[in-house]
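The values are calculated or read from the model by the stated rules, or taken from the named source; none is laboratory data. For clarity, every value in this text was computed on a predicted model and none was experimentally measured. Neighbour counts are summed over all protein chains in view; Cβ atoms, including those assigned to glycine, are modelled from backbone coordinates with ideal geometry.
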Amino acid sequence: MHAGLKKSTFLVVFFATLVLATNVFSSQPQISAATLPEYNIESEPAPVSALSYVVFDLATGEVLAAKEPTTVRPVASVTKLLTAATLVQTGDLEQVGTVKWSDLASEGRAGKLEADDMYTYRELLFPLLLESSNDAAAFFERVTKGAVLTEMNKLANSIGMIDSEFSDASGLSDHNQSTAADLKTLLTYVATNVPYVLDITTLPQHLGTYTGWVNNSPVQGSVYLGGKHGYTTAANRTLVALFEETFATESRTLGYVLLGSADLSKDTALLRTFVHQSVHYE
């Protein structure tokens, strides 16, 4: 075949392929800013005691309000949300372990565990999350020979919690530190990939083999979709929580992260009031 004809044939095939590919691509749903729900914000939130906070839309990641979101602060027992997520993803929850006296040496008696009681790892997630049992956290550190802590930090790093570090599974250590922005990342990850953990935190109570555990969250209610709170002297009061918020046109799942709060119930109520009064989805 003549060289010019070969070249001409090649160009025809090339452009036909290009047009086909373009048509196929253009027929696929395209994600753009226009596909995201639109909203407007009329005013800023009222002052709250929390030193840092983030309010965000879970589905889109859009931040609706924030204060010092990248400042590193102690997080207290919010740590246990990461502990539980790590255990669910990396451990065998049907393993059985015996509570030891050393586990009970942890600060506080939340969880009401007793020496020589035997539990599956799954069952001990309930006192860990509902009553924030430090004894349960100590149990998990002991039976995993510290591996749970290693895996917690690996998970945090892998999901982009770039300013976070964890020194124990309970949150008692002041070296368990993060930012409101990083905890937004954690809450989003858990809601998307380990919803079982959040499901536990919505239960009003759970009856175990030896005792029962009651949810002590200060913000639980009918539209509460789960989370975790904590307190230490250094951290003051901390919270990550999801709520189903209702707007004129639709309902949205919003996340609330607070660090260094003097009053979680009041601060959360103020931020939710801001959402209801000043944020409008269209």
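For this structure, a couple of remarks:
- Matching residues in the stretch 208-238 - criterion: being part of a strand (DSSP E or B) and without any contact (Cβ under 8 Å) to a residue 12 or more places away in the chain: 212
- Those residues of the stretch 188-221 which are under 19 Å from the mean Cα position of the chain (by Cα) and of a type in the set (S, T, N, Q), in sequence order: 188, 192, 193, 201, 202, 215, 216, 217, 220
- Residues in the stretch 192-213 that are hydroxyl-bearing (Ser, Thr, Tyr) and in contact with a helix residue (DSSP H, G or I) (Cβ under 8 Å, 6 or more places away or on another chain): 196, 201, 209.
- Yes/no for residue 68 being at pLDDT 95 or above and among the charged types (D, E, K, R): yes
- Residue 280 being over 19 Å from the mean Cα position of the chain (by Cα) and either over 26 Å from residue 157 (Cβ atoms) or not in a helix (DSSP H, G or I) (or both): yes
- Single match in 248, 241, 234 (criterion: within 27 Å of residue 164 (Cβ to Cβ) and either over 21 Å from the mean Cα position of the chain (by Cα) or modelled with pLDDT under 95 (or both)): 234
- Residue check for residue 149: more than 20 Å from residue 201 (Cα to Cα), out of contact with any Asp or Glu (no Cβ under 9 Å at 6 or more places or on another chain), in a helix (DSSP H, G or I) and of a type in the set (A, V, I, L, M): no
- Matching option when the condition is free of Cβ contacts under 8 Å to residues at least 12 places away in the same chain and either in a helix (DSSP H, G or I) or under 18 Å from residue 186 (Cβ atoms) (or both), among 269, 241: 269
- Residue check, residue 189 in contact with a helix residue (DSSP H, G or I) (Cβ under 6 Å, 6 or more places away or on another chain) and outside any loop (DSSP other than H, G, I, E, B): no
- Subset of the stretch 197-210 (residues that are surrounded by 14 or more Cβ atoms within 10 Å (Cβ to Cβ) and farther than 11 Å from residue 242 by Cβ): 197, 200, 203, 206, 208
- If the condition is being under 25 Å from residue 277 (Cα atoms) and surrounded by 15 or more Cβ atoms within 10 Å (Cβ to Cβ), then the stretch 230-252 contributes 238, 239, 240, 241, 242, 243, 245, 247, 252.
- Residue check, residue 207 of a type outside the set (S, T, N, Q) and farther than 30 Å from residue 115 by Cα: no
- The stretch 86-121, residues that are surrounded by fewer than 19 Cβ atoms within 10 Å (Cβ to Cβ), more than 19 Å from the chain's Cα centre (by Cα) and part of a helix (DSSP H, G or I): 104, 105
- Residue count for the stretch 76-106 satisfying the condition of being at pLDDT 95 or above, in contact with a helix residue (DSSP H, G or I) (Cβ under 7 Å, 6 or more places away or on another chain) and closer than 23 Å to residue 231 by Cβ: 11.
- Long-range neighbours under 6 Å by Cβ, at least six apart or interchain, first residue more than 14 Å from residue 77 (Cβ to Cβ) within the stretch 117-134, second surrounded by fewer than 21 Cβ atoms within 10 Å (Cβ to Cβ) and of a type in the set (Asp, Glu): 120/94
- Pairs where the first residue, in the stretch 250-261, is within 21 Å of residue 282 (Cα to Cα) and the second is in a strand (DSSP E or B) and hydroxyl-bearing (Ser, Thr, Tyr), C-beta under 9 Å, 6+ apart: 250/281; 252/39; 252/246; 252/281
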